[in-house]
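Values quoted throughout were computed directly from the atomic coordinates according to the rules given, and no laboratory measurement underlies them. Everything numeric here is computed off the predicted structure, so don't read it as measured data. Here the Cβ is made from the backbone with ideal geometry for all residues, glycine too, and neighbour counts use every protein chain on show.
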């Protein structure tokens, strides 16, 4: 068995390095007029705009040997369905990993959207099923369903999707969804069913994942903690007579030497305001178990970037540099590859990697790190010299 | 008011002849080699129907249409994904995407629309249909009661517009809710997709008077259309809103009237429609191509006659024409080359005077 490595598409803009927030690609950062006409920001003139930059990243990722990329969806981001459909014709191997909350779509609509996207891409669409973080953000999306009910809804949604995919008339009576003799048109039902990466750390999430997921996706956590989590989900799934794989979503900073890699992090950290560091990890009032696990590692006081190192080559301050999940791997090309291989040893079958800026780093990681990762084969990997 | 001409993507297949099954051009339906064994076929499985749909979208833009409608069809491909799929191959085309309010969350629809507008320079538009009867709706996972269909569309549009234009925006209705929603930064202030609605019932007209930007009627005689426009107008007077008028029709236009009627008659015979022609008037036939294009009425005539008829509709108040004809690819060029220029020639001097 071999492992799959994905990249990530920055749907919320990105700075040109970890060290500084400016210049900032995408139009989320004010005062970026110098980049505007080049399409790295959004153009008002109908010429280039941010989707052109995202297209560049998708190309870079596929040329560099990644399976495809995760296209994150949050209240402040662009949306993955539209990005995937827009880039379908200009990519060849890039697989579009679409995160979405099943509660936001009618499952019959979703089945048809997915099948059409498979037809548009030659089967390159896959899901990252997320079930929402609760709290004010969930209400922002217009969803007031409680935590465990949301996972129940996710399970029903995937039940229906799977049922429809068989191409026969399908009926279902659930608590959240009902369908009566629904059917996917013949030309659409011939497509491959999308692979499902499933996110969620609570018991309710694991119950839902074990029934439907191909991959259980976790943020990076302390390695022992992650091993336990993976063991638990594999055990639960095994009880249902199914097999599940595990995947890790992790940022990396990889450089020719460890020193250079930590310098990158240090410079980014030192550019932060005191307030930003004070507020780090204070939470958003949601009910996400995964977020609670991430912030659980925050030290009481943070005086240096070094206070956020919780095991060798693992830094927990990435959220300070670019928003989103916060744990990542920092080191030389060899060290990063070794850490990834350690994660493989403790149960990871796939990775979603990211680094800033996503365009240039797709090439760097593809050229310098991926060739060093042994994956799950026992054959010795060729190590680069020097 | 400028006039827009909107062509259509045949999302579930197209056909040239009245007696042919719908065909998905470019798509292999079986592993069978379609040519005789003595002839090579270089295509393999390189293409599918979406490649052809993409070409129709480009054809309609090259031929001078202002937009393209992507109908929702249970047998066809999904309009939202197709809208994204054709977005980067087209430059100016308005992309009128049809769906039902059972699609999902109104906030999520608006959120997806934001990205669409950002990437296309604001070319995304919505046609929200009431859908079929209760049984058909249940096949779409939709168990809403007949009496709630219109109210749900009204809430959907209200919430979508709310989050697109205000932040924070809150709403709690029977079908949709949102608390402190709305879009910030570059996601805020994007073009709100124009909303196209249709139908002839009192409920349809009242709904349009409340929330539509454009109301679409099926083609009828000009006299009858004026009556329908008047009844919509009496309702928009109450709601104090302006709703533009759209007209949905198919066209069989040929060099001569004789050719047009020959082709219309042959098509009708191929479909095995029997009895006398259901003609609203001589050039306006009902039911001829409905099974392929969804249009209830077909306008038949020479290029000059068809243009004159479109001009008469425009003078009666129509500003959006939603047109189609089979096969959609070839006919986009024909109508773009032979009919639209005649209409524009006549209407533009008037538009200039009005401006």
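Please list log₁₀ I(q)/I(0) at q = 0.07, 0.08, 0.11 Å⁻¹ for the protein assembly as shown, using the Debye equation with identical point scatterers on the alpha-carbon positions. For the requested q values the scattering log ratios are -0.53, -0.69, -1.21.
Packing-based ranking of B:335-346, B:227-238, A:101-112 yields A:101-112, B:335-346, B:227-238, ordered from highest to lowest mean Cβ neighbour count within 10 Å.
Once the Cβ-Cβ distance between residue A:52 and residue B:27 is put in as r, and R0 is 30 Å, what FRET efficiency do you end up with, to the nearest 0.05?
Working: r = 30 Å, r/R0 = 0.99.
After rounding, the FRET efficiency stands at 0.50.
Specify the residue with the greatest mean-square fluctuation among A:224, A:78, A:349, computed from a Gaussian network of chain A linking alpha-carbon atoms under 10 Å apart. Most flexible of the set in this elastic network: A:224. Measuring nothing but how far apart in sequence close Cα pairs (under 8 Å, 6+ apart) lie, relative to its length, chain B scores a relative contact order of 19 percent. For chain B, the pair-distance distribution built from all alpha carbon pairs, in bins 20 Å wide starting at 0, is 28, 59, 14, 0 percent.
Would you mind giving the mean number of other chain beta-carbons within 10 Å of the Cβ of each residue in B:172-182, as a whole number?
Working: counts 2, 0, 0, 0, 1, 4, 6, 8, 4, 5, 2.
Neighbouring Cβ atoms belonging to other protein chains average 3 per residue here.
As a ratio to 2.2 N^0.38 Å, the alpha-carbon radius of gyration computed for the range A:186-287 takes the value 1.50. No solvent, one uniform scatterer per C-alpha: report log10 I(q)/I(0) for chain A via the Debye equation at q = 0.06, 0.13, 0.14 1/Å, two decimals. Normalising to I(0) and taking log10 leaves -0.23, -1.15, -1.35. Most simply put, the range A:82-231 has about 20% antiparallel DSSP beta bridges, counting only bridges with both residues inside it. Return the percentage of antiparallel bridges among DSSP beta bridges fully within chain A, rounded to the nearest 5 %. Percent antiparallel among DSSP bridges in chain A is about 20.
Can you give the helix-only mean residue ellipticity at 222 nm for chain B, where every DSSP H stretch with n ≥ 4 adds -39500 (n - 2.57) and the sum goes over all residues, rounded to the nearest 500 deg cm²/dmol?
Working: 12 runs with 143 residues, N = 355.
The helix-only estimate for chain B comes to -12500 deg cm²/dmol at 222 nm.
Rounded, prolate or oblate: which fits the range A:65-121, taking a ≥ b ≥ c as square roots of the Cα gyration tensor eigenvalues, rounded meaning a/c under 1.5, else prolate when a/b beats b/c? The shape class here is oblate. DSSP beta bridges fully contained in the protein assembly as shown are about 20 percent antiparallel. The peptide list A:47-54, A:303-310, put in order of mean Cβ contacts within 10 Å with the highest first, becomes A:47-54, A:303-310. Between the range A:55-77 and the range B:1-64, how far is it from one alpha carbon centroid to the other, in angstrom? Their Cα centres are 30 Å away from one another.
Placing a pseudo-label 7 Å from each Cα along the Cα-to-Cβ vector at residue B:134 and residue B:172 gives an inter-label distance of 2.9 nm. The distance from the alpha carbon centre of the range A:115-159 to that of the range B:106-166 is 18 Å, rounded to a whole number. How many angstrom separate the Cα center of the range A:172-197 from the Cα center of the range A:308-368? Cα centres, the range A:172-197 to the range A:308-368: 36 Å.
Would you work out if the range B:21-74 is rounded, prolate or oblate? Take a ≥ b ≥ c from the square roots of the eigenvalues of the alpha-carbon gyration tensor; rounded if a/c is under 1.5, else prolate when a/b is larger than b/c, oblate otherwise. Note, shape of the range B:21-74 comes out prolate.
What length, rounded to one decimal in nm, is gained on full extension from residue A:364 through to residue A:228, with 0.36 nm per residue of separation minus their alpha-carbon distance? Kindly include the intermediate steps, with their values, before the conclusion.
Numbers: separation 136, 0.36 × 136 = 48.96 nm, distance 3.18 nm.
That works out to 45.8 nm of additional length.
For A:155-167, what's the mean count of beta carbons from other chains sitting within 10 Å of each residue's beta carbon?
Numbers: counts 0, 0, 1, 0, 0, 1, 0, 0, 0, 1, 0, 0, 0.
So the per-residue partner count for this stretch is 0.
Over the range B:1-156, the reciprocal of the mean inverse Cα-Cα separation, the Kirkwood hydrodynamic radius, stands at 17.6 Å. Among the residues of B:141-147, the average count of other protein chain beta-carbon atoms within 10 Å of the residue beta-carbon is 4. Among B:39, A:336, the ranking by other beta carbons within 10 Å of each residue's beta carbon, starting with the fewest, stands as B:39, A:336.
Distance between the 7 Å Cα→Cβ label points at residue B:316 and residue B:74: 3.2 nm.
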